[in-house]
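The values are calculated or read from the model by the stated rules, or taken from the named source; none is laboratory data. These figures come from a predicted structure and were not determined experimentally. Positions of Cβ are generated from backbone atoms using ideal geometry, with glycine treated the same way; all protein chains shown enter the neighbour counts.
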Amino acid sequence: MAKYMITIVENQEAYVTADEADFAAAMQMHGDFAESVAKAGGEILGGEALQPLPTATFLRNTRTDDVAVVDNPLPDVKEILGGYYLVSAKDDAQALEFAKLCPAPHGYVELRPVWEFDAS
């Protein structure tokens, strides 16, 4: 089984203005997604929902010993990373099917294979 990252990119306004009903509906969709992955023989290895962009800390590595903490470098951004899943799938085709099922009602998902390095 190979590993894939599914990132969920959402419209920032919809993300921060969601009410309890929106949140409950989203949780139901994500529960259904997890169930579908398991039924298809895949596995969710990890994943989390992320807090809104204003809670983020931005660091700029200047390629020296200094790392600068900076104000939001993306003040006009409309889409934000809302969460992610790390999944295992038998091949690219199955991973694509999982990504198609991943809910992102106010945005889109991105699917990428994970590079797996030999630790030896």
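Which of the residues that make up segment 73-109 are aromatic (Phe, Trp, Tyr) and loosely packed, with under 15 Cβ neighbours inside 10 Å? Reasoning before the result, please.
First pass over segment 73-109, keeping only residues aromatic (Phe, Trp, Tyr): 84-85, 98, 108.
Correct list: TYR108 only.
Within segment 34-70, how many residues are polar (S, T, N, Q), surrounded by 10 or more Cβ atoms within 10 Å (Cβ to Cβ) and in a loop (DSSP other than H, G, I, E, B)?
If we filter segment 34-70 for residues that are polar (S, T, N, Q), which is where we start, we get 36, 51, 55, 57, 61-62, 64.
Next cut, surrounded by 10 or more Cβ atoms within 10 Å (Cβ to Cβ) only: 36, 51.
Still in the running and in a loop (DSSP other than H, G, I, E, B): 51.
Matching residues across segment 34-70 total 1.
Are any of the residues in segment 57-76 closer than 26 Å to MET27 by Cβ and either under 11 Å from the mean Cα position of the chain (by Cα) or of a type in the set (A, V, I, L, M, F, W, C) (or both)? Full working, then the answer.
Keep residues of segment 57-76 that are closer than 26 Å to MET27 by Cβ, which gives none.
No, every residue in segment 57-76 fails to be closer than 26 Å to MET27 by Cβ and either under 11 Å from the mean Cα position of the chain (by Cα) or of a type in the set (A, V, I, L, M, F, W, C) (or both).
Results for (1) among the aliphatic types (A, V, I, L, M); (2) out of contact with any Ser or Thr (no Cβ under 9 Å at 6 or more places or on another chain); (3) in contact (Cβ under 8 Å) with a residue 12 or more places away in the chain, shown as yes or no for each residue.
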| residue | (1), (2), (3) |
| --- | --- |
| MET5 | yes, yes, yes |
| GLU13 | no, yes, yes |
| MET27 | yes, yes, no |
| ALA34 | yes, yes, no |
| THR64 | no, yes, no |
| TYR84 | no, no, yes |
| LYS90 | no, yes, yes |
| HIS106 | no, yes, yes |
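Look through segment 1-17, keep the residues that are surrounded by fewer than 17 Cβ atoms within 10 Å (Cβ to Cβ) and either among the small types (Gly, Ala, Ser) or in a helix (DSSP H, G or I) (or both), and return whichever of them is modelled with the highest pLDDT.
Per the stated criteria, the residue is ALA2.
Just the residues that are of a type in the set (S, T, N, Q) and outside any loop (DSSP other than H, G, I, E, B), please, taken from segment 71-95. If you could, list the steps in order and put the result at the bottom.
Kept after step one, since they are of a type in the set (S, T, N, Q), are these residues of segment 71-95: 72, 88, 94.
Hits for segment 71-95 are SER88, GLN94.
Could you tell me which numbered condition LYS39 fails, if it satisfies all but one of (1) over 16 Å from the mean Cα position of the chain (by Cα); (2) in contact (Cβ under 8 Å) with a residue 60 or more places away in the chain?
Failed condition: (2).
On the given criteria, is LEU81 modelled with pLDDT of 85 or more and out of contact with any Lys or Arg (no Cβ under 9 Å at 6 or more places or on another chain)?
Values: modelled with pLDDT of 85 or more: yes; out of contact with any Lys or Arg (no Cβ under 9 Å at 6 or more places or on another chain): yes.
Judged against the criteria, LEU81 is a match.
Within segment 24-33, does at least one residue satisfy the condition of being surrounded by 12 or more Cβ atoms within 10 Å (Cβ to Cβ) and assigned to a loop (DSSP other than H, G, I, E, B)?
no
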